[in-house]
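J.: Attaching a single structure in C-alpha cells format; questions to follow.
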Amino acid sequence: MATILIVDDDPHNYDVIEMYLADQDHCLHYAADGQTALSGLEHYNPDLILLDLMMPGLKGLEVCQRIKATSQWEGIPIIMVTALSSKQDLFRCLDAGADDFVTKPVNRMELRARVQSMLRIRQQYQDLASFNATLEATVQARTADLQQMINQDPLTQLPSRTALVRSIHNIQISNSAEFALIILDCDEFKLVNGSLGYLVGDQLLTAIAARLKQLLRPGDVLARMGEDEFCYLKLNVSSPSQLMPFLRNIQQSFQAPFSLPNAEIFMTASLGITFSDRSTLGPEELLKNADIAMYQAKGNGRGSYQIYDHQMHLAIVHRLTLESDLQRALDRQEFTIYYQPIFNLQTQELSGFEALIRWQHPHRGTVSPGEFIPCLETTGFIVPVGLLILRQACAQLQQWHRSGYPDLTMGINISIRQFVCPTLLDDIDQIISETQVNPACVKLEITETCIMENAETTIALTQQLRARQIQISIDDFGTGYSSLSYLHCLPVNTLKIDRCFIVGITPSTTNYQVVKTIMLLSQQLGLDVVAEGIETESEQAYLLALGCQFGQGYFFDRPLPAAMVAEKYLTGPPLTVP
C-alpha cells in the first residue's frame, strides 16, 4: 500500500482527490500548509506528495525545494497541483524539483495516471536503493574477504608475504629492533605434487606450517611466501651466532617424517638468511637477499643454510649479465671454433681434431669456456649454440677432406641438453646432408654423466647414430660412477681419458693404475683410447708404454683457429665459416 501526502490549504481539494483515488489501494494523509507537511514527513514517510502550488505561508515551490534538498526525502516524487498553466509557471515547478504536475480543476483520469506513474518511479527508486545497499554490503564483505586473503594464507592460516612486508616496514620505521629474515624452501617439493598429487602436497604444507609454528617465540612472525616457501622474521637478532640455535631447531624439526592421512613423507629444507643491520634496505630488498642466500644454499645440497653476503648479489648480477651477453652473442655470431690436434702416439701422425667452442666478447675479449659453457647449459642456449658448432665443424672437416686429407676425424662435444633434445637426429641428418661430410669421420663426444641420465635412451640413440656411421666417444672417461655396467651395451668407438688422470702420471701413482685398467678394458672391448691433456714428454712416454693409441694436449699443440691449422698442418686453404 502506497502512502500519499496531500498538501493543500483547501480541504475541498483533498476531498476531491480522495474521491478520485477511492478505489485505489492507497493510504492518504492531509496537511493544510507547507510547514505542517515538512514537520510531518518523518511521521507520514510518504511514497508520493501532491503539493498545492499556491498556499499561504510557505509556498509550494519553497516546500518542494526544501524536500528535494534533504537527502532523506529527495527521492520522494512530488506532483505539483496548480491552476497556473503557462510554460513559465510549469518551468518554475520543474526547476524547484517537482517531478510532475496536475492542473486545476483536477481531472480524474489525468490524476490517476500521473499518480500511478510517479508511484512506479518511486518503487523503482526504492528497488534501486535496496539493490545499491545490497551491492554495497556485498562489496564490503568481498573487500573484507580479499583483505584477509591478501594478509593471510588461506591454506596454512599463516600471514602472507604482503603481511610480512608490512611487519618489516613497521619495524623499520619505528627503528625498534634489529632482526633477521630466514627464508625456508622445501627441497624437491615438486616431486610430492607430481607423484602424490596436489591434495597430498597441501596436506604436507599444512603439516610443515604447524611444525614451524611451534618454533615461534613472542614477537616473531612466520609467513608463507609462496608454494613451498616460508619465512621467519626474528626480532632482536643481529649476528649469526645469536641465530645458530634457532637454525639448528629448524633443521631438527625436519628430521622426523611428516605423517599425513595416507602417506608418511620425509622432507628437508634449504635456508637463506639475511640481517637487517640497521641498513637502509627496504623489506623487498632484504627478502631478495635472503632469497639469493636460499638458492645458494640449495646449490650446496639438501638441508643446507647460507647467510647472505654482497658477493652473492654480485654473482647473480654477473650471471644475468652473462646470460644477456650470451643471447646477443648467439644473435651476432660471436662464437667460433678452435681445433686441437689429436695425434697417433706411435706414429706421431695427425689423426684428427677436437672442435672446441670459443667466445670473443666485443668488450671483454676472449671469455673462458669454463665460465660461459655452464651458463649455456643452464639457460638452454647450449642447444642452438651446439648445433651452430656442429654445423661449422662438419663444414670445416669437409673442406679439409676436399683439400687432400680425407682421413681426418673431427670430435664434437654433445651436451646432455643436446642429447635429450627430441630433434637431435633430424638436426644431425640435416647437417650431414648440407655439408656433405663423411659421417664416418665425425665423432660425437658424450660424457659418462650424459649416459647415466637415461641409460636406455642413450643406448637407443647411440645405436641410431652408429647406424648412420657416426662414431661415438665417451668423453672424460673415468670421472663417472657407474657407466662400466652399460659400456658393453653401448656401440662406442672411443674412450677419452680425462686429463686429471694424465697430469704427472708415473708408474708409482694411482693414476697410472687407473689408466692401465682403462687400457685393459678398452682392449677387451676393442675400443680406441685418446688421452686428453698431455703436457710433457714423460706423460706421452708412459701412455705409449701402456698402449694408448692417441693423445692431445699442449705437448703437441694448443687449440688453433682454422686458418692456423691450415697454415701449420695442411696445405689446403681453410674454410671461411660465416
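A short reminder: the numbers here are calculations on the coordinates, not readings from a lab. Note that the structure is predicted; figures quoted are calculated from it, not measured. In this analysis, Cβ positions are derived from the backbone assuming ideal geometry, glycine residues included, and neighbour counts consider all displayed protein chains.
J.: Just tell me which lysines come within less than 19 Å, Cα to Cα, of residue 443; anything on the same chain fewer than 8 places away is out.
T.: Straight-line reach from residue 443, under 19 Å: 496.
J.: Over all alpha-carbon pairs of the range 260-317, lay out the pair-distance distribution in 10 Å bins, whole %, shortest bin first.
T.: That works out to 23, 43, 20, 10, 4, in percent per bin.
J.: With r as the distance between the Cβ atoms of residue 545 and residue 436 and R0 = 56 Å, compute the FRET efficiency 1/(1 + (r/R0)^6) and round to 0.05.
T.: 0.85
J.: Mind giving me the FRET efficiency for residue 262 and residue 141? R0 is 45 Å, r the Cβ-Cβ distance, nearest 0.05 is fine.
T.: On the way: r = 36 Å, r/R0 = 0.80.
That pair, residue 262 with residue 141, gives E of 0.80.
J.: May I ask you to order 426-438, 54-66 by the average number of other C-beta atoms within 10 Å around their residues, highest value first? It would help to have the intermediate numbers written out before the result.
T.: On the way: 426-438: 15.6, 54-66: 17.7.
Sorting 426-438, 54-66 by mean packing, highest first, produces 54-66, 426-438.
J.: By DSSP, what percent of the beta bridges with both residues in the chain are antiparallel, rounded to the nearest 5? Present the calculation step by step, with values, prior to reporting the outcome.
T.: Details: 38 of 81 bridges.
Antiparallel bridges make up about 45 percent of those DSSP assigns within the chain.
J.: Roughly what angle does helix 240-253 make with the longest principal axis of the chain, taking Cα atoms, 0 to 90 degrees, to the nearest 10?
T.: 90 degrees
J.: By how many degrees, between 0 and 90 and to the nearest 10, does the Cα long axis of helix 510-525 differ from the longest principal axis of the chain?
T.: Taking the Cα atoms of the chain, the angle to 510-525 is about 90 degrees.
J.: Can I ask one more? I'd like to compare 157-167, 324-334, 304-314: which one has the highest average count of other Cβ atoms within 10 Å, and what's the full order after that? Present the calculation step by step, with values, prior to reporting the outcome.
T.: Values: 157-167: 18.0, 324-334: 14.1, 304-314: 16.1.
Packing proxy ranking, top to bottom: 157-167, 304-314, 324-334.
J.: Something else: Roughly how tilted is helix 310-332, in degrees to the nearest 10 and between 0 and 90, from the longest Cα axis of the chain?
T.: Its long axis makes an angle of about 80 degrees.
J.: Let me ask you something else. Taking neighbour counts of Cβ atoms within 10 Å as a proxy for exposure, in what order, fewest first, do 150, 470, 357 appear? Please report the intermediate quantities before stating the final value.
T.: On the way: 150 12, 470 19, 357 22.
The most exposed by this proxy come first: 150, 470, 357.
J.: Also, I was wondering about something else. What's the extension gain from residue 537 to residue 23 if we count 0.36 nm per residue and subtract their Cα-Cα distance? Mind showing how you got there, number by number?
T.: Details: separation 514, 0.36 × 514 = 185.04 nm, distance 12.53 nm.
Between residue 537 and residue 23, full extension yields 172.5 nm more.
J.: Kindly rank 119-125, 7-13 from highest to lowest mean number of other beta carbons found within 10 Å of each residue. Intermediate results must be reported in sequence, preceding the final value.
T.: Values: 119-125: 14.0, 7-13: 16.9.
Put in order of decreasing packing, that is 7-13, 119-125.
J.: How large is the Rg to Rh ratio of the range 319-455 when both quantities use alpha carbon positions and Rh follows Kirkwood? Please report the intermediate quantities before stating the final value.
T.: Details: Rg = 15.7 Å, Rh = 16.0 Å.
With Rh from the inverse mean 1/r over Cα pairs, Rg/Rh is 0.98.
J.: Further question on the same structure: Can you give the FRET efficiency to the nearest 0.05 for residue 85 and residue 10, using r as the Cβ-Cβ distance and R₀ = 25 Å?
T.: 0.85
J.: Next question. Can you work out the PRE-style zone for residue 499? Point 7 Å along Cα to Cβ, and I want the residues of the range 522-542 with backbone N under 20 Å.
T.: Label zone hits: 529-542.
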